[in-house]
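Note sheet for the following structure.
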Amino acid sequence: MTPPRPCIGLFDSGLGGLTVLKALASVVPDADYIYFGDTARLPYGSKSAETVTHYALDAARHLEQLGAEMLVVACNTATALSLEAITNGLRIPVVGVIEPGAQAAAQASRNKKVVVIGTEATVASHAYQRALKKLGVDSHEKACPLFVPLVEEGWSEHSVTDQVARIYLDEAFAGDFRDADVLVLGCTHYPLIKSVLQRWEPRVTIVDSAESTARAVAAKLGTRVTKDGPSGMRFMATDSVEKFRRLGEKFLGRQISAVQHVDLKE
Ligand code: DGL
């Protein structure tokens, strides 16, 4: 008898984590996925560590209660600020996005100089800098707080986003890091503007942690392969389900037929 499909829970403050789900579903197609977007409390990236940890634990426990047997923190901010608290607060294995992203960046960089862009909270935590330092890589971290609202607005290809990107990247690739050869997308929303970023910095390798995180999850699951039909995906959001469905399809690259509204009581 074939074993049941693994059930993997993922959460993010909004739609960004769908980029991780997209990568994961192509590496581990024979799993069931539950995705939780905490859209009512977005952004996490400008909030304190206490608040983000409180929100992240709510989301993580909800997914555990729904039967997830592994949790992917598909949010750099929550990983940077709350991974330890989430891991300690749950009984199921937890995977964050920062370690896999740092490893991919270290492998991709020839001169061991990397620029990391992320939310204010991720940058202030220096979680990437610490992870990269351990791998022998120097990094310059730059907060880009305008990117998340632009992406959530669906303005990935927009002249405003283009100009904002140019200003941020000029500031990021400066001084000793002018010749950095890797740009880490330290926020799960940023893969949506990858082509804009690459246009302004054509010579750098852009690393997004979604793919390396997907490989880390596959390694944790081991060789558990089932033949139980195609994987299922459930979606939940704490704010408008219609907006989540409409914009979420862009992030996920496939149709989202139903989104359930969830009200997490304080
Ligand atoms: N997607 C989140 C991240 O990866 C950021 C969005 C937010 O600020 O809530 O950090």
For this session: Once you have the Cα-Cα distance between residue 264 and residue 46, take 0.36 nm times their residue separation minus that, and quote the gain in nm to one decimal.
Result: 76.4 nm
Problem set entry | GluC sites (Glu not before Pro) within the stretch 120-203: DSSP coil, no more than 11 neighbouring Cβ in 10 Å | 157
Problem set entry | Principal-axis tilt of helix 98-108 within the chain, Cα atoms, nearest 10 degrees | 50
For this session: State the volume of the convex hull built on the alpha-carbon positions of the stretch 140-187, expressed per residue in Å³ and rounded to an integer.
Result: 76
Seminar exercise, completed: One can check that the equivalent ellipsoid of the stretch 107-237, built from the alpha-carbon gyration tensor with semi-axes equal to the square roots of five times its eigenvalues, has lengths in Å, largest first, of 28, 21, 13
For this session: Pairs of Cα atoms under 8 Å, at least six residues apart: use those to get the relative contact order of the stretch 136-231, whole percent.
Result: 27
Problem set entry | Radius 11 Å from Cβ of residue 86, net charge of other residues (Lys, Arg +1; Asp, Glu -1) | -2
Seminar exercise, completed: Rounded to the angstrom and largest first, Cα extents along the principal axes for the stretch 90-184 equal 40, 39, 22
Problem set entry | Kirkwood hydrodynamic radius over Cα pairs of the stretch 101-145, then Stokes diffusion coefficient at 25 °C and 0.890 mPa s, in µm²/s | 238
Problem set entry | Residues of the stretch 131-175 with amide N under 19 Å of the 7 Å Cα→Cβ point at residue 120 | 141-153, 164-165, 167-169, 171-172
Problem set entry | Local electrostatic count, residue 143, Cβ distance below 15 Å [Lys/Arg +1, Asp/Glu -1] | -2
Problem set entry | Cβ-based net charge around residue 188, under 9 Å, with every Lys or Arg adding one and every Asp or Glu removing one | -2
For this session: List, in the order given, every pair from 112/134; 22/220; 134/220 whose Cα-Cα distance in the structure shown is over 20 Å.
Result: 134/220
Exercise. Going through the stretch 91-164, which trypsin sites (Lys or Arg not before Pro) have at most 14 other Cβ atoms within 10 Å and a DSSP loop state?
Worked result: 91, 110
For this session: Rank these for me by crowding, 144, 7, 187, 75, going from fewest to most other beta carbons within 10 Å.
Result: 7, 144, 187, 75
Exercise. What is the stretch 25-77 by shape, rounded, prolate or oblate, if you read a ≥ b ≥ c off the alpha carbon gyration tensor as root eigenvalues and call it rounded for a/c under 1.5, prolate for a/b larger than b/c, and oblate otherwise?
Worked result: prolate
For this session: Express in % the proportion of alpha carbon pairs of the chain at distances exceeding 29 Å.
Result: 27
For this session: Round to the nearest 10 and give me the degree value, 0 to 90, for the angle of helix 241-252's Cα axis relative to the longest principal axis of the chain.
Result: 60
Exercise. Helix-derived [θ] at 222 nm for the chain: sum -39500 (n - 2.57) over DSSP H runs of at least 4, divide by residue count, nearest 500?
Worked result: -13500 deg cm²/dmol
Problem set entry | Selected from 103, 163, 129 as most flexible by GNM, with the chain as the system and alpha-carbon contacts under 10 Å | 163
For this session: Take the Cβ-Cβ distance between residue 84 and residue 159 as r, set R0 to 41 Å, and report the resulting FRET efficiency rounded to the nearest 0.05.
Result: 0.50
For this session: Calculate the spin-label point distance for residue 254 paired with residue 135, positioning each point 7 Å from the Cα along the beta-carbon direction, and give it in nanometres.
Result: 2.8
For this session: Averaging sequence separations of C-alpha pairs under 8 Å and six or more residues apart, then dividing by the length of the chain, give the relative contact order as a whole percent.
Result: 27
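A short reminder: the numbers here are calculations on the coordinates, not readings from a lab. Because the structure is a prediction, the values reported are computed rather than measured. Cβ sites come from the backbone with ideal geometry, for glycine too, and all protein chains shown count toward neighbours.
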